[in-house]
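Asker: Please read through the structure below; I'll follow up with questions.
The values are calculated or read from the model by the stated rules, or taken from the named source; none is laboratory data. Predicted model only: the values in this text are computed from it and were never measured. Don't worry about glycine lacking a Cβ; one is built from the backbone with ideal geometry, like all the others, and counts go over all protein chains shown.
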Amino acid sequence: MHSEHAALLADLRKAARPIRHDLAPQNDSYGGSGQPYYNVSVPDRRAIIKRWLASHKTMPPEAFFAVVDSLTEGQSHEEKTLAGMLVAANRKARPDVTTEHLDRWLGRLNGWAEVDTWCQNLFTAEDMLANWPAWRRLIDQLSRSGVTVLVTTHYLDEAEYCHRLALIHAGKLAALGTTGELKQIFADRPIVEIRTRRSVDVMRALDAMEDVEESSLFGTAVHAVLRSGGVSPADLVARLALQRLEVESVEPVQPSLEDVFLEVAERA
């Protein structure tokens with residue numbers, strides 16, 4: 001244990017309050033982590049951080065990160081959450097936090113309460129997206145340990161990593177199942193991806209074709225859902241060429257959750 005970690009732990013123990021077991025029947029643990037819990041209030045934790053940072057203004061970032069490393073290896077809920085609050089409060093060191101730091105620290109968290117504290121204190125939505133691989137590893141780790149992780153997101157590429165999905169449209173449940181189960185909606189209807197500089201014109205032309213069920217923008221490309229597998233990419237290129245619509249490429253693609261969501265939203 002780092003000496004500064006020991007000093008902070010002593011401060012936490014001094015600030016500890018009696019635990020009401022009628023409210024916390026998990027035997028002094030918290031947030032599903034099974035870790036010791038000292039019941040130190042958030043204001044008291046912030047006061048500890050403020051005093052500590054005031055007396056360590058000249059500590060270089062790497063020395064500070066060593067303290068954070070030690071705290072994230074602590075045995076209590078408060079030590080691990082204090083680490084995240086320290087990083088959030090240390091404006092001098094925060095710009096030097098790397099993905100490797102986050103990967104290491106997040107991997108040591110236990111239970112939803114510790115993850116939630118780090119998120120609320122340290123990360124904006126942009127931070128979360130920029131460090132998504134580290135968060136994905138944490139979610140996988142919690143899942144393997146038997147913890148159910150509820151992920152809410154507007155980014156369907158993130159939802160691809162979830163074991164089971166519920167798609168919500170207009171406040172109602174539109175689809176429920178695994179990624180593979182949801183994508184079966186396109187089992188007998190191939191999807192082709194078309195790249196062209198004239199996306200809107202190509203969509204109009206596709207929508208007028210009897211064997212094209214629907215088309216939609218997908219990033220900078222166009223996705224076309226075919227009514228059957230009897231239409232070849234070369235045939236689509238030829239038909240578009242007759243309308244003087246030049247395409248850069250046409251190829252079959254696997255359905256994405258974006259395709260699934262657009263489909264179920266239209267049916268809802």
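Asker: When residues of region 177-201 are filtered for being in contact (Cβ under 8 Å) with a residue 40 or more places away in the chain, part of a loop (DSSP other than H, G, I, E, B) and within 29 Å of the chain's Cα centre (by Cα), how many remain?
Answerer: Of all residues in region 177-201, those in contact (Cβ under 8 Å) with a residue 40 or more places away in the chain come to 179, 182-183, 185-186, 188, 190-198, 201.
Checking the rest, the ones that are also part of a loop (DSSP other than H, G, I, E, B) come to 188, 190, 196-198.
Now restrict to residues that are within 29 Å of the chain's Cα centre (by Cα): none.
Residues that pass the stated criteria total 0.
Asker: In the set Val151, Val147, which member is among the aliphatic types (A, V, I, L, M) and in contact with a Cys (Cβ under 9 Å, 6 or more places away or on another chain)?
Answerer: Val151
Asker: Hey, any hits in region 29-36 for a residue that's at pLDDT below 90 and either touching a Leu at 6+ places or on another chain (Cβ under 7 Å) or outside the structural domain of Arg108 (by TED's automatic domain parsing) (or both)? Show your work before the answer.
Answerer: Start the filter on region 29-36 by keeping residues that are at pLDDT below 90, which leaves 29-36.
In the following step, the residues that additionally are either touching a Leu at 6+ places or on another chain (Cβ under 7 Å) or outside the structural domain of Arg108 (by TED's automatic domain parsing) (or both) were identified as none.
Scanning region 29-36, I find no residue that is at pLDDT below 90 and either touching a Leu at 6+ places or on another chain (Cβ under 7 Å) or outside the structural domain of Arg108 (by TED's automatic domain parsing) (or both), so the answer is no.
Asker: Can you say whether Gly146 is in the same structural domain as Leu262 (by TED's automatic domain parsing), exposed (fewer than 12 other Cβ atoms within 10 Å of the Cβ) and outside any helix (DSSP H, G or I), as far as the supplied structure shows?
Answerer: Working: in the same structural domain as Leu262 (by TED's automatic domain parsing): no; exposed (fewer than 12 other Cβ atoms within 10 Å of the Cβ): yes; outside any helix (DSSP H, G or I): yes.
In short, no.
Asker: Collect the residues in region 170-200 that are exposed (fewer than 15 other Cβ atoms within 10 Å of the Cβ) and not small (Gly, Ala, Ser), keeping them in residue-number order. Explain how you work it out, then say what you get.
Answerer: In the first step, residues of region 170-200 are kept if they are exposed (fewer than 15 other Cβ atoms within 10 Å of the Cβ); the result is 170-173, 176, 178, 180-181, 184, 187-188, 197, 200.
Matches in region 170-200: Lys172, Leu173, Leu176, Thr178, Glu181, Gln184, Asp188, Arg197, Val200.
Asker: Right, another one. Checking the condition in contact with a Lys or Arg (Cβ under 6 Å, 6 or more places away or on another chain) and on the phi < 0 side of the Ramachandran plot, which residue from Asp188, Asp211, Asp235 passes?
Answerer: Working: Asp188 fails: in contact with a Lys or Arg (Cβ under 6 Å, 6 or more places away or on another chain); Asp235 fails: in contact with a Lys or Arg (Cβ under 6 Å, 6 or more places away or on another chain).
Result: Asp211 is the single residue among Asp188, Asp211, Asp235 that is in contact with a Lys or Arg (Cβ under 6 Å, 6 or more places away or on another chain) and on the phi < 0 side of the Ramachandran plot.
Asker: Just checking, how many residues over region 232-268 are at pLDDT 85 or above and not in a helix (DSSP H, G or I)?
Answerer: 15
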